Amino acid sequence: MNLVTVSGPPSVGKTSVILKTIVSLKNRGLKVGVVKFDCLFTDDDVLYEKAGVMVQKGLSGGLCPDHYFVSNIEEVTQWGLENNFDILISESAGLCNRCSPYIKDIKAVCVIDNLSGIGTPKKIGPMLKSADIVIITKGDIVSQAEREVFASRVHSVNPSATILHVNGLTGQGSFELSTLLYDKDENITTLKGKTLRFSMPAALCSYCLGETRIGESYQMGNVRKIDLGKKEI
């Protein structure tokens, strides 16, 4: 079985891109499964079911969705193997720009959109910088020049990634993506012992454990203070 992790900021079109790509994968006779991770609510699993795709969903609730993903991905992999999938796609929640949802030796896809601004690629950390494939969506809304400038900014941040423009509405570019996702020589049987490509955001403080009061006396653990640069007037 192949395992692919797909991540990206909120509302960039991850589900739409995956659905269009699954059509191309199925046309090649491949059995595809999906696991959708989210925070509080998602009905994307309904969309996958309507498309005839076996799907599981997990909601992280009050936990960081990145930590929730890593805590459950081994069990998800075993579910995929039990169902004899040729390829299992893990779709993340809309993640923050510092998230690190990729595993070494597991294909990693980052989805971002042209509407986020040309400065956005530099603001995204490991989620973009360590991806194998970067999908840029919503290119039909901006000009050709804007598409090229945005793609150039992405390339400057991650020069080793394959960059593709995919339209989540029409499916344009999804066939090309499908050819990159599946490798018949790849065979994942377990993720035990594998490591993340980059460390996750670090946080273990009183607010992580349910504290709601504001003030230094209520803050414990891993706390970082802003440097206001005390200046004499």
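The table for this structure:
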{"quantity": "Qualifying residue in segment 189-205 (condition: at pLDDT below 90, surrounded by 10 or more Cβ atoms within 10 Å (Cβ to Cβ) and in contact with a Leu (Cβ under 8 Å, 6 or more places away or on another chain))", "calculated": "no"}
{"quantity": "Positions within segment 76-100 being more than 18 Å from the chain's Cα centre (by Cα) and assigned to a helix (DSSP H, G or I), in sequence order", "calculated": "Q78, W79, G80, L81, E82"}
{"quantity": "Extreme residue, surrounded by the fewest Cβ atoms within 10 Å (Cβ to Cβ), among residues of segment 60-75 that are in contact with a Phe, Trp or Tyr (Cβ under 9 Å, 6 or more places away or on another chain) and outside any helix (DSSP H, G or I)", "calculated": "G61"}
{"quantity": "Complete set of residues in segment 77-109 that are modelled with pLDDT under 95, surrounded by fewer than 20 Cβ atoms within 10 Å (Cβ to Cβ) and hydrophobic (A, V, I, L, M, F, W, C)", "calculated": "C96"}
{"quantity": "Options T162, T137; residue that is under 25 Å from F69 (Cα atoms), modelled with pLDDT of 95 or more and surrounded by fewer than 17 Cβ atoms within 10 Å (Cβ to Cβ)", "calculated": "T162"}
{"quantity": "Tabulated pairs, segment 88-103, first touching a residue at least 60 places away in the same chain (Cβ under 8 Å), second surrounded by 20 or more Cβ atoms within 10 Å (Cβ to Cβ) and small (G, A, S), C-beta under 6 angstrom, 6+ apart or interchain", "calculated": "L88/G33; L88/G80; S92/S7; L95/S7; P101/S7; P101/S92; Y102/A108"}
{"quantity": "Segment 36-59 - residue that is surrounded by fewer than 16 Cβ atoms within 10 Å (Cβ to Cβ) and over 23 Å from K20 (Cα atoms) and, of those, modelled with the highest pLDDT", "calculated": "L59"}
{"quantity": "Selection count, segment 1-52, where residues are over 19 Å from I103 (Cα atoms) and either among the polar types (S, T, N, Q) or assigned to a strand (DSSP E or B) (or both)", "calculated": "8"}
{"quantity": "E211 vs. criteria surrounded by 12 or more Cβ atoms within 10 Å (Cβ to Cβ), without any contact (Cβ under 8 Å) to a residue 40 or more places away in the chain and in contact with a helix residue (DSSP H, G or I) (Cβ under 8 Å, 6 or more places away or on another chain)", "calculated": "yes"}
{"quantity": "Selection status of E186, touching a strand residue (DSSP E or B) at 6+ places or on another chain (Cβ under 9 Å), at pLDDT below 95, among the charged types (D, E, K, R) and under 29 Å from I73 (Cα atoms)", "calculated": "yes"}
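The values are calculated or read from the model by the stated rules, or taken from the named source; none is laboratory data. Only a predicted model underlies this, so the values are computations on that prediction, with no experimental measurement involved. Neighbour counts are summed over all protein chains in view; Cβ atoms, including those assigned to glycine, are modelled from backbone coordinates with ideal geometry.
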